[in-house]
1. Return the loop-located trypsin sites (Lys or Arg not before Pro) in the stretch 24-105 (DSSP other than H, G, I, E, B) with at most 16 other Cβ atoms within 10 Å of their own Cβ; answer none if there are none.
2. Quick check: Cα centre of the stretch 26-101 to Cα centre of the stretch 110-166, how many Å?
3. On average, how much accessible surface per residue is there in the stretch 35-93, in Å², for a 1.4 Å probe, leaving out ligands, DNA and RNA?
4. Within the stretch 84-100, list the residues whose amide N lies under 14 Å from a label point set 7 Å along Cα→Cβ of E53.
5. Apply the Karplus curve 6.51 cos²θ - 1.76 cosθ + 1.60, θ = phi - 60°, to the phi angles in the stretch 48-54 and return the couplings in whole Hz, x for Gly and Pro.
6. Computing the accessible area with a 1.4 Å probe over protein heavy atoms, can you report the carbon and sulfur percentage for the stretch 66-160?
7. Report, by chain and number, residues whose modeled amide H sits under 5 Å from the one on H130, excluding near sequence neighbours (fewer than 5 apart, same chain).
8. For a label point 7 Å from the Cα of D32 along Cα→C-beta, name the residues of the stretch 135-165 whose backbone N is under 12 Å from it.
Amino acid sequence: MSFRDGPPHFDPLDWSRPILKARCKLPHWTQDGATSFLTFCLADSLPAEKLRELERFREEWLQAHAEPRDATTWHELHRETMRRVDDWLDAGSGECWLRGTACSVIVGRALHHFHEQRYFLSCYCVMPKHVHVLVRPFAGFAPTDLLHSWKSFTAKAINQHLGRTGEVWEAES
């Protein structure tokens, strides 16, 4: 079975239609009607020194790879960046609030809340320090809007449950 033969709720990126490409620290590609794979991390999941190291790595890489940079070269940067991030996430630094049942249930319930109203929630995985979601937003609901809603609601609920204030999620997803 190919992706194109998948269930009707799974609509992969269609290369013949416009793709919105945005960049903060990470690349973000979206397309109306396409299924999105989203990841969002707890604010303390990567220590500040690791974030600075990642920024230094990117700056050094950009200097070592002159423009114009082709897709293969950008893929190399992305692959190496994500390898480093994955290794650091797996190291388990930070509070890991989602390891506890109560906080992970808060996230799961939030993800299910507007299922089949604003989006089709295909699947998700709540990890101790981050969340993965496979979702197809319905017309009028961009992935960034969904992320904002989930992160805003769950941050308030998690802070209330933990009796704390402050950032829960990293700004970028």
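The values are calculated or read from the model by the stated rules, or taken from the named source; none is laboratory data. Since the model is a prediction, treat every value here as computed from it, not as a measurement. Cβ placement follows ideal geometry from the backbone for every residue including glycine, while neighbour counts extend to all protein chains displayed. Protein only, heavy atoms only, side chains kept; ligands, DNA and RNA dropped before computing areas. Shrake-Rupley method; radii C 1.70, N 1.55, O 1.52, S 1.80 Å.
1. On the way: sites: K25, K50, R52, R56, R58, R69, R79, R83, R84, R99; in loops: K25, R69.
Passing both the DSSP loop test and the Cβ count: K25, R69.
2. 20
3. Computed with neighbouring chains in place, this is 63 Å² per residue.
4. The answer is 84-94.
5. Working through the residues one at a time gives 3, 5, 6, 5, 5, 4, 5 Hz.
6. That fraction is 54 percent.
7. Under 5 Å from the amide H of H130: L42.
8. 139-142
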